[in-house]
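Read through the structure below, which is laid out as structure tokens, and then see the notes.
Nothing in this text is a laboratory measurement; each read-out follows from the coordinates by a stated rule. All values derive from a computational prediction rather than experimental measurement. So basically every Cβ, Gly included, is an ideal-geometry build from the backbone, and we count neighbours across all protein chains shown.
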Amino acid sequence: MAAGATDEVVAQRLGLSVRTVRRRVHDLFGELGVTNRFHAGVEAARRGWL
């Protein structure tokens, strides 16, 4: 995700289904308190996750 990969590419690279990736991304957005990938990246960096 940090490299700008789509859910489909992330799923393929991790060996997961696209549905699983989308569910995990949705859960991550909730944990971070954000609504889009850009803000997720900003918040993850702020927290030192990246």
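Helical runs (DSSP H, four residues minimum) scored at -39500 (n - 2.57) apiece and divided by the length of the chain put the mean residue ellipticity at 222 nm at -20000 deg cm²/dmol. Summing Lys and Arg as +1 and Asp and Glu as -1 over all other residues whose Cβ lies under 11 Å from the Cβ of Thr20 gives a net charge of +2.
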